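To keep things clear, I will list the structure first and then write my remarks on it.
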Amino acid sequence: MHINSTMEHNNGSNQNLSDKRNDASIVSRKKGYRDLDLSLKRHPLTGKINTLKDDAAVKNAVKNLVLTNFFERPFQPSLGANLRGLLFEPADGVTRLALKDNIEEVIIRNEPRVKLLNISVIDLSDKNAYRVTMKYRIRESNKEEDVEIVLRRLR
């Protein structure tokens, strides 16, 4: 009988511990993202190169990924969307779809901080260009952002 009462007492205390764990709130901190501003502008007071923070750093990373072509980054020959070659293809639906697919693939594979929502590719034939608009959600802050890039043929 003494053993059973101890077992009941232990079960009650274990239940109290689990209740306390369930009542405890989990506190998370937002990660701070930083990146160099590739325009290499200097801070007017310190003279140091500006850094981009949080959402601006993520936006810059997405833009850089999309504008990177294969073999441009050392030791990562397959990193990038490789859009430059597609700019010299006929301006039709197949090329727009290829641009969209390449952009989607590079962002999904290489940028885990964002969830891609939409990619719009508009043909600007009269300017020998495409206007690409990417809409995404930053996973950590749940904030929606968009990046617009105009891809031009220069030759």
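The values are calculated or read from the model by the stated rules, or taken from the named source; none is laboratory data. Note that the coordinates shown come from a computational prediction; the quantities given were computed from them, not determined experimentally. Glycine also receives a Cβ, built like all others from the backbone with ideal geometry; neighbour counts cover every protein chain displayed. Surface areas here come from the heavy atoms of the whole protein model, side chains and all, with no ligands, DNA or RNA. Shrake-Rupley method; radii C 1.70, N 1.55, O 1.52, S 1.80 Å.
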*How many nm is it between the label spots at R73 and N128, if each spot is 7 Å from the Cα in line with the beta carbon?*
2.9 nm
*Ranked by accessible surface with a 1.4 Å probe, highest first, in what order do E111, E140 come?*
E140, E111
*What does the accessible area of S120 come to, in Å² to the nearest 10, when a probe of 1.4 Å is used?*
40 Å²
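Step by step: find N for region 90-155, compute 2.2 N^0.38 Å, then divide the Cα radius of gyration by it. What's the final number?
Cα Rg divided by the expected 2.2 N^0.38 Å: 1.21.
Would you please calculate the Kirkwood hydrodynamic radius of region 42-155 over all C-alpha pairs and express it in Å, rounded to one decimal?
After inverting the pairwise mean of 1/r, the radius is 15.2 Å.
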